[in-house]
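The values are calculated or read from the model by the stated rules, or taken from the named source; none is laboratory data. Values in this document were obtained by computation on a predicted structure and should not be read as measured data. In this analysis, Cβ positions are derived from the backbone assuming ideal geometry, glycine residues included, and neighbour counts consider all displayed protein chains. Please note that ligands, DNA and RNA were not included when accessible areas were found on the heavy atoms of the full protein model with its side chains. Shrake-Rupley method; radii C 1.70, N 1.55, O 1.52, S 1.80 Å.
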Amino acid sequence: MLSRFRNLTIAAILGAGLLFAVMPIAGQQQAALYRAPRTADGKPNLNGIWQALNEANWDIEGHAAGFGRVTALGAEDAIPPGLGIVEGGAIPYQPAALAKKKDNFAKRLTLDPEIKCYLPGVPRAMYMPYPFQIIQSSNTIMMVFEYAGAVRTINMGKPTEAPADSWMGWSNGRWDGETLEIDTTGFNDQTWFDRAGNFHSDALHVVERLTAQTPDLLNYEVTITDPNVFTRPWKMSMPLYRRKEKSAQIMEFKCVEFVEELIYGHLRKQPSK
């Protein structure tokens, strides 16, 4: 009787292990076979409000929890731990650029563009802890970000050149089957990838790929090329999730008014004695 019970237990454990081994494969197959709903022109419909759920805005590389920038804020300003979104682990910095990154981190309280409400740049806008909305048409795709009221306009027609360097760059898009591919150049060098001081130059070239995996999940991949800062191109990837609240919308967070004292306070005319 005991031997029979032991055999049944082993069989149950092996069966459960096989089930859990098959589940990820089945999930991957389902994602690979998913075909998004179509827009009027027959393209994958990515319209909606989306948001990343990770710690990449603190540091795109894997990192442990750490002290924040302002001691008086305690745990509220502490760095949450994150697994990282950089494929392969570390960013391939050139030696001088790595030294600059470390200096950026040391001075992040005054240097991080986010603190001054500067436009976040690409790809940082995609994984800041704020939602963004995709508004899709046949000739143009817009991305409207809650943070700082930032907007991206993606040209889906014949590719055009950037008229000037800018914070959010100049984006040309195309469809590769189920995937929206966005090629962006024309950046200035004033944005960071995160609060950890990871940075780029004005030679930055960003290629993004967004693919619907389920009705409520986009796979986001981005390839970064910048010969002035990195030794080779490198990639980041993450899921983006649809906001499902019935009242989901992009709220107004025009943060300029919150930093006026920080940026311009020293210019205020002091009262005469």
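Go through 217, 46 and list them by solvent-accessible area, largest first, probe radius 1.4 Å. Don't skip to the answer; put the middle values down first.
Working: 217 45, 46 0 Å².
Putting 217, 46 in descending order of accessible area: 217, 46.
Determine the principal axes of the Cα atoms in region 88-169, then give the extent along each, sorted from largest to smallest and rounded to whole angstroms.
Reported extents, whole Å, longest axis first: 44, 29, 25.
Please state the relative contact order of region 63-108 as a whole percent: Cα pairs under 8 Å, 6+ residues apart? Before the final figure, lay out each step's value.
Values: 31 pairs, mean separation 13.8, N = 46.
The value is 30 percent.
Where a Cα-Cα gap under 25 Å defines reach, which lysines qualify for residue 158, not counting those fewer than 8 residues away within the same chain?
Cα-Cα hits under 25 Å: 43.
Can you tell me the length gained on complete extension of the stretch residue 71 to residue 179, counting 0.36 nm per residue apart and subtracting the Cα distance?
Numbers: separation 108, 0.36 × 108 = 38.88 nm, distance 4.42 nm.
That pair, residue 71 and residue 179, stretches by 34.5 nm at full extension.
Report the accessible area of residue 122, computed with a 1.4 Å probe over the heavy atoms of all protein chains in place, in Å² rounded to the nearest 10.
Its accessible surface works out to 0 Å², give or take rounding.
Under the definition of Cα pairs under 8 Å and six or more residues apart, what whole-number percent is the relative contact order of region 211-273?
Values: 42 pairs, mean separation 14.8, N = 63.
Relative contact order of region 211-273: 24 percent.
I need the phi-derived Karplus couplings for region 73-87: 6.51 cos²θ - 1.76 cosθ + 1.60, θ = phi - 60°, integer Hz, Gly and Pro marked x.
8, x, 5, 5, 9, 5, 8, x, x, x, 6, x, 10, 7, 5
Would you kindly find the accessible area of residue 244, with a 1.4 Å probe and non-protein molecules such as ligands, DNA and RNA excluded, rounding to the nearest 10 Å²?
140 Å²
Would you please give the FRET efficiency between residue 140 and residue 203, computed as 1/(1 + (r/R0)^6) with r the Cβ-Cβ distance and R0 = 41 Å, to the nearest 0.05? Before the final figure, lay out the partial values.
On the way: r = 26 Å, r/R0 = 0.64.
Given R0 = 41 Å and the Cβ-Cβ separation, E is 0.95.
Per 0.36 nm of contour for each residue apart, how much would the distance between residue 267 and residue 153 grow if the chain were fully extended, relative to their Cα-Cα spacing? List each step's numbers first, then the result.
Values: separation 114, 0.36 × 114 = 41.04 nm, distance 3.51 nm.
Computed gain between residue 267 and residue 153 is 37.5 nm.
Within region 244-267, find all residues whose amide N lies under 18 Å from a label point positioned 7 Å from the Cα of residue 107 along Cα-to-beta-carbon.
Residues 263 fall inside that zone.
Enter the accessible area of residue 243 (Å², nearest 10), with the probe set to 1.4 Å and all protein chains included.
In the full protein context, residue 243 sits at about 90 Å².
Pairs of Cα atoms under 8 Å, at least six residues apart: use those to get the relative contact order of the chain, whole percent. Walk me through the numbers on the way to the answer.
On the way: 511 pairs, mean separation 54.5, N = 273.
The normalised contact order for the chain reaches 20 percent.
Can you give the three extents of the C-alpha atoms in region 209-259 along their principal axes, from longest to shortest, in whole Å?
45, 39, 10
On the protein heavy atoms, probe 1.4 angstrom, tell me the percent of accessible surface of the chain carried by carbon and sulfur.
Working: 9250 of 15710 Å².
Here carbon and sulfur together make up 59 percent of the probe-accessible area.
Indicate the helices, whole DSSP H runs only, in the chain that combine a mean Kyte-Doolittle hydropathy of 0.0 or more with a Cα extent along their long axis of 20 angstrom or more. Don't jump to the answer; show the numbers that get you there.
On the way: long enough: 2-33 (46 Å, 1.04).
Within the chain the helices that satisfy the rule are 2-33.
Translational diffusion coefficient of region 41-135 at 37 °C, 0.692 mPa s, Stokes-Einstein with Kirkwood Rh over Cα pairs, in µm²/s as a whole number. All intermediate terms of the calculation are to be shown ahead of the outcome.
Details: Rh = 15.5 Å.
Stokes-Einstein gives a translational diffusion coefficient of 211 µm²/s.
For the pair residue 245/residue 217, report the inter-label distance in nm, with labels modelled 7 Å from Cα in the Cβ direction.
So the two model labels end up 2.3 nm from each other.
For volume of the Cα convex hull per residue in Å³, the listed values are [x] 116; [y] 221; [z] 132; which was obtained by calculation from the structure presented?
Answer label, from the structure shown: [y].
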